[in-house]
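Novice: What follows is a structure written as structure tokens; I'll ask about it next.
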Amino acid sequence: MQRSIVSPSKRYLKSSDAARQLGVSAKALRLYEQRGLVTPDRTAAGWRSYGPEGMVRAAEIVALRAFGLSLSEIERVLSGDPRDLEPALGAHQAALESRLREIGGAIGRVRELRADLLQGKAPEMAELSRLIGPQDVPMIGFDLPWPWGGERFELRTKARLTYIIGPLGSGKTKLAMRLAEALEDAEFVDLTRLEDGGVVAQARLSADATLRKRVDAALGWLIEDDATVSPALEALLVGLLGSGAKTVVVDMVEDGLDHATQQAVIAYLRRASDLPKLFLMTRSSAILDLAAMPSDEAILFCPANHSPPTLVAPYPGAPGFEAVASCLASPEVRARTAGVVVRRVVF
């Protein structure tokens, strides 16, 4: 398709500025372009540029993506076929209704406390704290394992998806395992899922027709988003969809997956409404794109000096942000460094 040259009478944005304004990454814009969903204009020098019409189209894609539609579904919707919107809107409605029930319950409790006050009965401070704090996630508290030396660790987060980040040798695997032990009804999906070509996962799929159906449905969505089906991908989905736990902690979610598949996986994890809460260990910038991280996700960082893990806000200048960014690499770089082991040498 022939792209138009930038008109001097209109305001145009370069790709990085357009991505920032839309709240996505420049890589996401390039993916939309590759799929034919957007066609940026070009400057006289050949650089991509987004004018008013291009920004409107890109904003429509971002909005549909937020509702959990795959790129193929978005293509159909923008072509005039709205059928894929119904299940997405249904899931969004269910989420809103759940939040409404929570708010209604909190309002009812406030009303009760005010009635008690009129009768001279003061509320307990713990009750007031519960009204303004997270309602559905308990405080996680435990003594940190080696290499931290027993320091106390506490975490309170409502995030549905939390990334566990840290350099090699920082102890993030130990933390992930301990989290799975401490959390109520949680399961740790380790790297044994990849052994012998995911033979255990394949056996589970052969024995469980319901699980096979759920995995096939997830694969269908992922394939539409350019994922490549592989034993590693199926093993990951078996761990996520077949656990039955309220929370799943995953060791190195990107292992065995190529770049496009990793991007499709994280989009799927954000979209799917039938998944448990997730803690994902990763060092891949395709899984955790800091420039495109939603506000309802969290980053748990394990420092190299074995200071206690901390939550890090996903924006430049936040404490720990640069350290988190330095731990992330593209899938291609991660593949080259796979299997590297850090050894401490004592002189």
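The values are calculated or read from the model by the stated rules, or taken from the named source; none is laboratory data. As the structure is a computational prediction, the values presented were derived from the model and not from experiment. All Cβ positions, glycine included, derive from the backbone under ideal geometry; neighbour counts span all protein chains shown. Note: areas computed on protein heavy atoms with side chains; ligands, DNA, RNA excluded. Shrake-Rupley method; radii C 1.70, N 1.55, O 1.52, S 1.80 Å.
Novice: State in Å² the accessible area per residue of the chain; use a 1.4 Å probe, count heavy atoms of protein chains only, and round to the nearest integer. Mind showing how you got there, number by number?
Specialist: Working: 18800 Å² over 347 residues.
Ligands and nucleic acids excluded, the result is 54 Å² per residue.
Novice: Can you compute 3J(HN,Hα) from phi for each residue in segment 264-275, using the Karplus curve 6.51 cos²θ - 1.76 cosθ + 1.60 with θ = phi - 60°, rounded to whole Hz and x for Gly and Pro?
Specialist: 5, 5, 5, 5, 5, 5, 6, 7, 5, 8, 9, 9
Novice: What is the ratio of the Cα radius of gyration of segment 237-336 to 2.2 N^0.38 Å, where N is its residue count, to two decimals? Intermediate values should be presented prior to the final figure.
Specialist: Numbers: Rg = 13.8 Å, N = 100, 2.2 N^0.38 = 12.7 Å.
Against the empirical 2.2 N^0.38 Å value, I get 1.09 for segment 237-336.
Novice: Set the Förster radius R0 to 45 Å, insert the Cβ-Cβ distance between Glu181 and Ala59 as r into 1/(1 + (r/R0)^6), and round the FRET efficiency to 0.05. Spell out each step's value before the answer.
Specialist: Details: r = 44 Å, r/R0 = 0.97.
E between Glu181 and Ala59, to the nearest 0.05, is 0.55.
Novice: Additional query: Given H placed 1.01 Å from N in the peptide plane, which residues other than close sequence neighbours of Ser285 have an amide H under 5 Å from its amide H?
Specialist: Ala329, Ser330
Novice: As a test of reading the structure, rank Arg101, Arg193 by solvent-accessible area (1.4 Å probe, protein chains only), most first.
Specialist: Highest to lowest solvent-accessible surface, that is Arg101, Arg193.
Novice: Rounded to whole Å and ordered largest first, report the semi-axes of the equivalent ellipsoid of the chain derived from its Cα gyration tensor (root of 5λ). Before the final figure, lay out each step's value.
Specialist: Details: eigenvalues 243, 168, 111 Å².
Semi-axes, largest first: 35, 29, 24 Å.
Novice: If you don't mind, there's one more thing I want to ask. Excluding the sites themselves, what is the longest stretch of the chain that contains no GluC sites (Glu not before Pro) in a DSSP loop with at most 10 other C-beta atoms within 10 Å?
Specialist: Numbers: sites that count: Glu124, Glu184.
Between exposed loop sites, the widest span is 185-347.
Novice: Under Stokes-Einstein, with the Kirkwood radius over Cα pairs standing in for Rh, what whole-number D in µm²/s applies to segment 91-224 at 10 °C and 1.306 mPa s?
Specialist: For the chosen part, D equals 81 µm²/s.
Novice: Roughly speaking, what % of Cα-Cα pairs in segment 166-217 are separated by over 18 Å, rounded to a whole number?
Specialist: Pairs farther apart than 18 Å: 54 percent.
Novice: Right, next: Return the sequence-ordered ³J(HN,Hα) values of segment 189-205 in whole Hz as given by the Karplus equation 6.51 cos²θ - 1.76 cosθ + 1.60 applied to θ = phi - 60°, using x for Gly and Pro.
Specialist: Those phi angles translate into 9, 8, 7, 5, 4, 8, 5, 6, x, x, 4, 5, 4, 5, 5, 5, 5 Hz.
Novice: Here is a follow-up. Whole-Å semi-axes of segment 1-120's equivalent ellipsoid, largest first, each the root of 5 times a Cα gyration tensor eigenvalue?
Specialist: 44, 19, 10
Novice: Going from the alpha-carbon gyration tensor of segment 42-101, what semi-axes, largest first and in whole Å, does one get by taking the root of 5 times each eigenvalue?
Specialist: Whole-Å semi-axes of the equivalent ellipsoid: 31, 14, 8.
Novice: A further question follows. Of the heavy-atom accessible surface of the chain (probe 1.4 angstrom), what whole percent is carbon and sulfur?
Specialist: In the chain, the share of accessible area belonging to carbon and sulfur is 55 percent.
Novice: To continue, here is another question. Quick one: which residues, 5+ away or cross-chain, put their amide H under 5 Å from the amide H of Ile299? H built at 1.01 Å from N.
Specialist: Here the answer is Tyr163, Val312, since their amide H atoms fall under 5 Å of that of Ile299.
Novice: Whole-Hz ³J(HN,Hα) for each residue in segment 284-300, computed from phi via Karplus 6.51 cos²θ - 1.76 cosθ + 1.60 with θ = phi - 60°, x for glycine and proline: what do you get?
Specialist: 9, 6, 7, 6, 10, 8, 4, 6, 10, 6, x, 6, 9, 10, 9, 10, 10
Novice: Put a dot 7 Å past each Cα toward the Cβ at Arg42 and Ala329; how far apart are the dots in nm?
Specialist: 3.5 nm
Novice: Once the convex hull of the C-alpha atoms of segment 177-296 is built, how many Å³ does it hold per residue, rounded to a whole number?
Specialist: 107 Å³
Novice: I've got another one for you. Which lysines have a Cα less than 26 Å from the Cα of Lys246, not counting those fewer than 8 places away in the same chain?
Specialist: Straight-line reach from Lys246, under 26 Å: Lys158, Lys172, Lys174, Lys213, Lys277.
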